[in-house]
Amino acid sequence: MDQEKKGFFISYTGADQQWAEWIAWQLEKAGYTTVLQAWDFHSSSNFVQKMQHALVNTDRAIAVLSPRYLQSAYCMAEWSAVFAEDPTGEKGILIPVRIEPCELKGLHKAIVYIDLVRKERKDAQAFLLQELHHVLEKSRRKPKQEPGYPGEFKPEPRYPGSLPDVWNIPRRNPNFTGRDQLLQDLHASLTDGNHTALTQQALHGLGGIGKSQLAIEYAYRYSTSYAHAWWIRAEEDASIITDYAALATALQLPEKDAEEQKVIIEAVRRWLNTHHGWLLVFDNARDAASIRDYLPDSTGGHVLITSRNPDWRTIGRPLQVTVWERDESIAFLKQRTGQDQQENRDANELAAELGDLPLALEQAAAFIEKRHITISEYLKLYRTRRKDLLDRTTPSDDYPDTIATTWVMAFEAIRDVPLASDLLFFSSIIAPDAIPKDLIKQALEQRVDDQGHEEQSIDELDFHDAIDALCSYSLISPDTDTFSIHRLVQAVTQDRMGPEAMAHCRKEMLQSLLALFPQEGYNTPSCWPLCAQLLPHAEKIMEISEPSVSMASLLNNMGSYYHGRASYAQAEPLYRRALGIVEEQLGGEHPYVATSLNNLAELLKAQGKYGEAEPLYRRALLIREEQLGGEHPEVATDLNNLALLLYAQGKYGEAEPLCRRAVRICEQSLGASHPNTITMQNNLEVLLEKMKG
């Protein structure tokens, strides 16, 4: 070790050595000097003596702070030795750098640390050096702009009834009833000034309990507390990404048109981390892990989560949503049906039969209103139908029999409406939110074709009548070009379909998705919005369908979209699954196998995995030559792909004959002026020029 005094001694535990080396490297790169055990202590030296020497002969100590560090006796001894010289921190001798969440206790709790937790590499590097400069120069951190008021965000009052400019919360339910205490508790929890982390609240409970409606009502009731409010469909990653991208557009962020989805998501998170007065609602999230990477880090806004999963304590405060109180159920039934003058007795009995479950009560009220019957008449009909159904079926734990019975009555009411039952069947087997009407229309047309009728379009009026019928019984919730269906409605619908009908629906929906899902997602950004819209439904149908060539084609299209967005981790399993299916269904030598091989090879090449990509390219070329002949244009394409891979690896000598052969095949089969011929000729010229240099 050099004898002159060094700038920094890096104190760390062995498990954090990589962090310590990275920090030391950044400091020395910036012109500072360091002492690091891994670099400066040798195996034959006296460890304690060297440590003492290092502490004495350095100006300052950096503690690489983690839970492991705080549990290490040696590390805390080093910490204490430095802390004793500067207990107030005035001299800046001890500089903790936190790399993982951990809690300082006792006298150490007051020490300010440099926080690298959750920072990207580039940001962490700049932040580390900037904060060290403040410590060394004792410079002020006065910002260039006036800071916002640090208390609870209070936007300028808006005109009553107006909403924030950045707002996509679903329409408010005019029949929302009760829940006043729950809404007050929710608001109090979200605005708790003592909460030390991002204020996050998770509403959990049974499907159909009214979690989403509660979140919507909260957003409207307290809309003046927020400058921005955004609804995120959180059941699938694809819909979360889509809604984050839409938020980037609404905020007019510079990264809103970025090709890589990660760039957009990080841009939104950065914006949220630097602004106040926003509300994010993650609706129907699966679990904490599924949304953790999308959550902001700041305390400037509120996050509201709805989920059937009760386990949310790792990222927020769980609040269980239970069934309505009986008086709330009665008030809702009388208000929703317009039968305010009716005696409470019938409404009370019906609420009891339905278990005070909001979704069941809503559907019962919708049926009463549609049929112009009294609550008493509905109650009699319900009790009769319930008995008949219980004679035939056994209730499932997935949903109460009261819900199933109510829906059976609604199903029978729409049976005579053209297309309505089929529309409900198709809607029950895909993702429940933002179902494109065009997708269902395509599936209905596919059903007509499969039944052997002459090719024809679905009658537009019949289609809208079917939508209206389902809406009138609250079986679906409409939007402009899409609609949503409750998951329990899906479950009961599937139970009523039976295995054979389900199989037909899955096949027809798969064909419909294949017809609509763009093939050119890899290189055509203009089709990405449609891909993003269809993706959750394609993912759902993949979960429940049997392997087929059509499934492989859809998997390839989905992979192409992810490939184009540089989401390689999502694209690769789709491509591999597609390849496995076509090999099993068509045999290993089919031309479509070559297509799947090329898709996967292109993805691996994009990631720099040349060793994995090359045998796939070669196998694809061999299949094409054997199945199509050596002079086919598709053989030229495979030759060109392999040549480009070899070129990327610097194997110019191997690439040249492949390029020349590809050019010759294209000239003979397509002509010298064909775009493919010109492209391959250009590739050859670039290769030859490279070989000269």
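For region 438-451, the set of residues classified as modelled with pLDDT of 90 or more and among the hydrophobic types (A, V, I, L, M, F, W, C) consists of LEU439, ILE440, ALA443, LEU444, listed by residue number. Among the residues examined, GLU454 does not qualify as out of contact with any His (no Cβ under 6 Å at 6 or more places or on another chain) and either modelled with pLDDT of 85 or more or surrounded by 14 or more Cβ atoms within 10 Å (Cβ to Cβ) (or both).
Of the residues making up region 634-650, those that are part of a helix (DSSP H, G or I) and in contact with a Phe, Trp or Tyr (Cβ under 8 Å, 6 or more places away or on another chain) are ASP638, ASN641, LEU642, LEU645, LEU646, ALA648. Residues in region 540-556 that are surrounded by fewer than 17 Cβ atoms within 10 Å (Cβ to Cβ) and part of a loop (DSSP other than H, G, I, E, B): GLU546, PRO547, SER548.
Considering (1) out of contact with any strand residue (DSSP E or B) (no Cβ under 8 Å at 6 or more places or on another chain); (2) under 21 Å from ASP115 (Cα atoms), the lone condition that LEU295 does not fulfil carries the number (1).
Would you please name the residue that is farthest from LEU359 (Cα to Cα), looking only at residues in region 209-238 that are part of a loop (DSSP other than H, G, I, E, B) and not acidic (Asp, Glu)?
Top of the filtered list is ALA227.
Among the candidates PRO164, PRO150, PRO170, PRO174, single out the residue that is at pLDDT below 55 and either part of a loop (DSSP other than H, G, I, E, B) or hydrophobic (A, V, I, L, M, F, W, C) (or both).
Details: PRO164 fails: at pLDDT below 55; PRO170 fails: at pLDDT below 55; PRO174 fails: at pLDDT below 55.
Exactly one of PRO164, PRO150, PRO170, PRO174 is at pLDDT below 55 and either part of a loop (DSSP other than H, G, I, E, B) or hydrophobic (A, V, I, L, M, F, W, C) (or both), namely PRO150.
Taken as a whole, the condition of being of a type in the set (Phe, Trp, Tyr) and free of Cβ contacts under 8 Å to residues at least 24 places away in the same chain applies to TRP271.
No other residue among LYS540, LYS507 is under 23 Å from the mean Cα position of the chain (by Cα) and charged (D, E, K, R) apart from LYS540.
Those residues that are aliphatic (A, V, I, L, M), in contact (Cβ under 8 Å) with a residue 24 or more places away in the chain and over 16 Å from ALA38 (Cβ atoms), I need them from region 62-73; list them, please. Answer for region 62-73, where residues must be aliphatic (A, V, I, L, M), in contact (Cβ under 8 Å) with a residue 24 or more places away in the chain and over 16 Å from ALA38 (Cβ atoms): LEU65, LEU70.
Within region 498-517, at least one residue is modelled with pLDDT of 95 or more and not in a helix (DSSP H, G or I). Checking every residue in region 309-321 against the condition of being in a strand (DSSP E or B), of a type outside the set (D, E, K, R), crowded, with 20+ Cβ neighbours inside 10 Å and under 19 Å from the mean Cα position of the chain (by Cα) gives zero matches. Would you call ARG345 surrounded by fewer than 16 Cβ atoms within 10 Å (Cβ to Cβ) and not hydrophobic (A, V, I, L, M, F, W, C)? Taking the combined requirement at face value, the residue satisfies it.
Hey, does region 421-437 have a residue that's among the charged types (D, E, K, R), at pLDDT 80 or above and over 19 Å from ALA491 (Cβ atoms)?
yes
One residue stands out in region 194-229 among those that are closer than 20 Å to THR274 by Cα and in contact with an Asp or Glu (Cβ under 7 Å, 6 or more places away or on another chain): the one that is modelled with the lowest pLDDT, namely LEU198. Residues in region 379-399 that are modelled with pLDDT of 85 or more and not aliphatic (A, V, I, L, M): LYS380 only. Every test in (1) at pLDDT below 90; (2) not assigned by TED's automatic domain parsing to the domain that holds HIS275 is passed by ASN348 save one, and that test is (1). Residues that are at pLDDT below 70 number at least 3 in the following helices (runs of 4 or more DSSP H) confined to region 1-94: 47-56, 73-85.
Residue count for region 245-274 under the criterion of being touching a Ser or Thr at 6+ places or on another chain (Cβ under 8 Å) and over 18 Å from TYR562 (Cα atoms): the result is 3.
Would you check which residues across region 623-643 are in contact with a helix residue (DSSP H, G or I) (Cβ under 6 Å, 6 or more places away or on another chain) and β-branched (Val, Ile, Thr) and list them? Residues satisfying the conditions are ILE623, VAL635.
Looking for whichever is among the small types (Gly, Ala, Ser), in a helix (DSSP H, G or I) and over 30 Å from ALA571 (Cα atoms) here; the options are GLY653, GLY630. Which one fits?
On the way: GLY630 fails: in a helix (DSSP H, G or I).
The conditions single out GLY653.
With respect to SER307, is the statement that it is at pLDDT 90 or above and of a type outside the set (Asp, Glu) true? For SER307, the condition - at pLDDT 90 or above and of a type outside the set (Asp, Glu) - is not met. Residue count for region 400-420, restricted to those that are modelled with pLDDT of 85 or more and among the small types (Gly, Ala, Ser): 1. Among residues of region 263-282 being among the β-branched types (Val, Ile, Thr) and within 23 Å of THR306 (Cβ to Cβ), the one that is surrounded by the fewest Cβ atoms within 10 Å (Cβ to Cβ) is ILE265.
The values are calculated or read from the model by the stated rules, or taken from the named source; none is laboratory data. These numbers come from a predicted model, not from an experiment. We place every Cβ from the backbone using ideal geometry, glycine too, and count neighbours over all the protein chains shown.
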